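I have placed the structure first, in the form of structure tokens, so that the comments after it can refer back to it.
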Amino acid sequence: MNDIPIVLLAAGASSRMGEPKPLLPWGELTLVEHQIKTLSATGNPVVVVLGNQAENIIPILQNLLVKFTINESWEQGMGTSIAEGVKFLEQQFPASKGVLITLIDQPLITTAHLNDLTSNFKPDKQQIIVSQADSGWQGVPVLFDRFYFDELSALSGKQGAKAIFRNYTEHVKTIQCGEILEDMDTPEQYQKLKKVINQQKNC
């Protein structure tokens, strides 16, 4: 499964949250540990892109079976983190057929959904496999064929993955996933998603 590494973007400032998202408690783990556990369960290698608070996150990652890289330009926006992650995985996994991009602040994402994305992927077909919520929103997690590596590596500023897949709609395949794409930028959203998880555990 080394042909589709997963990149977890965890470099942002978390300015609206008021504290680093990767270090937030999530059950008995930190959020970054929870996400890595979910991603690693696919059997694919995981690359974490760090930036803000990297010095406090690295000690956690050193106990896990992941690789990480630091985006020195993280303050310029998500595009730089995507570019850093793709460049790094090309060095570490030169035979990779694609890349699955994920975010630190989507804690409801499941291993099953990630497996749906990869199982629908056909290498060397210029495919882009995009997640779609019940609301119709499309976005990350998203799987890009290696055909797009050069464009991903050239992203800058606040450009995200959508900047690319909107230009190649004929190659996009969407995978429905309910309401698990919800992200969290504020303490209120964080508490809301924790309640969702607690309710699921009590069902």
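The values are calculated or read from the model by the stated rules, or taken from the named source; none is laboratory data. Predicted model only: the values in this text are computed from it and were never measured. So basically every Cβ, Gly included, is an ideal-geometry build from the backbone, and we count neighbours across all protein chains shown.
One residue stands out among those in segment 37-53 that are touching a strand residue (DSSP E or B) at 6+ places or on another chain (Cβ under 6 Å) and part of a helix (DSSP H, G or I): the one that is nearest to PRO22 (Cα to Cα), which is LEU39. Just one of (1) in contact (Cβ under 8 Å) with a residue 60 or more places away in the chain; (2) of a type in the set (Gly, Ala, Ser); (3) loosely packed, with under 15 Cβ neighbours inside 10 Å; (4) assigned to a helix (DSSP H, G or I) fails for ALA112. It is (1). Checking each residue in segment 54-87 for being in a helix (DSSP H, G or I), over 22 Å from LEU152 (Cβ atoms) and not aliphatic (A, V, I, L, M) picks out GLU55, ASN56, PRO59.
To keep it simple, each residue is scored yes or no on (1) over 13 Å from the mean Cα position of the chain (by Cα); (2) in a loop (DSSP other than H, G, I, E, B); (3) surrounded by 14 or more Cβ atoms within 10 Å (Cβ to Cβ).
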site: LEU89; (1), (2), (3): yes, no, yes
site: PRO94; (1), (2), (3): yes, yes, no
site: VAL99; (1), (2), (3): no, no, yes
site: PRO107; (1), (2), (3): no, yes, yes
site: ASP116; (1), (2), (3): yes, no, yes
site: ILE129; (1), (2), (3): yes, no, yes
site: LYS158; (1), (2), (3): yes, yes, no
site: ASN167; (1), (2), (3): yes, yes, no
site: MET184; (1), (2), (3): yes, yes, yes
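Note on segment 4-27: among residues that are of a type outside the set (Gly, Ala, Ser) and surrounded by fewer than 14 Cβ atoms within 10 Å (Cβ to Cβ), the one that is farthest from GLY160 (Cα to Cα) is PRO25.
Just one of the numbered conditions (1) under 15 Å from THR174 (Cα atoms); (2) at pLDDT below 95 is not true of GLN62: (1).
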